[in-house]
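Report on the following structure.
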Amino acid sequence: MIWSRGPTQGRALVTGGAGFLGSSLVYRLISDRWSVLVVDDLSSGRLSRLADARRFGKVSVHQMDIRSEHLASAVAKFAPDRIFHLAAQTSVAVSVADPGLDADINVTGTLNLLEATRLAGMPRLVFVSTGGAIYGPDAPLPTPEDTPKHPASPYGLSKLVAEQYLDLWKRLRDLDYAVVRPANVYGPRQDSSGEGGVVAIFAKACMDRTRPTIFGTGDDTRDYVFVEDVVDALVLAGDKGGGGVYNIGTGVETSTLEVFRAVARQARFGGGANHGPPRAGDVPRSALECSRARRELDWRPRTSFEEGIEATVTWFGEN
C-alpha cells in the first residue's frame, strides 16, 4: 500500500469499516486521500484491522450499531460526500436460525441509514449486497444481474429487500446510489471464525496442522473473488452512481474441495478434511456474470485464484 499525501478528496463514511472487506476499503480510501469515518458496532469488526489506516490517514471510528437512533446525527455531523454501506448480518446460518434478527439489521438498519442520508444532504451511497445468496438455486450460471431473484435464505431475501428500498428512495427522494453484488470474497485479514470465509478457515486450519470441516460432499461451488479486486469495484461504483447494480466476481465456479486442495498445497498440509452435514440455506452452485461491470465501470478481476490463495496463506503464516 502506497500512502498518498496532500489535500483530501472528500469525506467518506464506511459502515462496517472494521470488518474484513470494510477495513480493506478504508485502506484504499486513505491511500486515495479520503477522510474516513468508520461506523461499526465492533460485534465482529476489529479495530486492529484499522491500525495502519489510522496511523497514516484521517480515520475516525464511531462505535455504533446502524440501527441506533443516534446514527442520523452522527452522519449529519460528519457530512460525508460518499457513503459505503457494508454493515450487515452476513451469516446464512444465523439468518435461518433467527430471521428476525437478520431482517432487523439488514433491512431496518439500512432504512435507518437511508433516513440519515436525508439529514446529511443525500450523499451518494454504495450498498454492498450479495451475489451468492440473492439469485437462488435455480439461477443460470454464470448469473447475470437481471436474473429473477429467488433467495434460498433469509439473508439473501433481506439483501434483496434492502436493494428494493434503495430503488424506492431513488424514486421518492432522488437518492443517488450504486449496488455491488460480490461473489465469495477472500484474502488476507479475513476472519477464520466466519462462516463465509472458507478460504480463511482452511488456511488457518492447515497452518495449524488441523483438519478443517467441509459441510456436505465438497462438490458445491462458489465464485471466489480477491478482496482487493472487490475494493476496486466499490471505488469505481462510488464514482459512477446512477442506480447501477453490478455483479463482482470471476465467473468461474470452484468447488469447496478444490479450494481445500489449493490451500493445503500452498500451506504444505498433507492431511485431509472432515465432512459434516450440508447447511440449510446454502445454494449448491454459484458463479456471477460480470460483463456489466466491465462495460460500465471498466472493472475486471486482476488477481488469479492461485495468486489470491498464495497471498492469503502467506498472510496466515505470518500472523
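Things worth noting here:
- Residue list for segment 262-319, restricted to those being open to solvent by less than 30 Å² (accessible area, probe 1.4 Å), modelled with pLDDT under 95 and not small (Gly, Ala, Ser): Val283, Phe316
- Among residues of segment 206-228, those that are touching a Phe, Trp or Tyr at 6+ places or on another chain (Cβ under 8 Å), under 14 Å from Val263 (Cα atoms) and open to solvent by 10 Å² or more (accessible area, probe 1.4 Å), counted: 3
- Those residues of segment 38-80 which are acidic (Asp, Glu) and either in contact with a Pro (Cβ under 6 Å, 6 or more places away or on another chain) or open to solvent by 20 Å² or more (accessible area, probe 1.4 Å) (or both), in sequence order: Asp41, Asp52, Asp65, Glu69
- Within segment 61-118, helices (runs of 4 or more DSSP H) holding 1 or more residues that are more than 28 Å from Asp32 (Cα to Cα): 92-97, 99-103
- Only residues that are within 17 Å of Val245 (Cα to Cα), in contact (Cβ under 8 Å) with a residue 40 or more places away in the chain and open to solvent by 10 Å² or more (accessible area, probe 1.4 Å) were counted across segment 140-151, and they come to 3.
- In segment 152-180, the qualifying residues are those that are of a type in the set (Asp, Glu) and part of a loop (DSSP other than H, G, I, E, B), and the one that is surrounded by the most Cβ atoms within 10 Å (Cβ to Cβ) is Asp176.
- Counted residues, segment 111-159 - those being in contact with a Ser or Thr (Cβ under 9 Å, 6 or more places away or on another chain) and small (Gly, Ala, Ser): 9
- Inter-residue pairs, beta-carbon under 6 Å, first over 24 Å from Glu253 (Cβ atoms) and in segment 292-319, second in a loop (DSSP other than H, G, I, E, B), 6+ apart: Trp315/Pro188
The values are calculated or read from the model by the stated rules, or taken from the named source; none is laboratory data. Because the structure is predicted, anything quoted here is derived from the model rather than measured. Glycine gets a Cβ as well: all are built from the backbone with ideal geometry, and neighbour counts include every protein chain shown. Heavy atoms of the whole protein, side chains included, go into the accessibility calculation; ligands, DNA and RNA do not. Shrake-Rupley method; radii C 1.70, N 1.55, O 1.52, S 1.80 Å.
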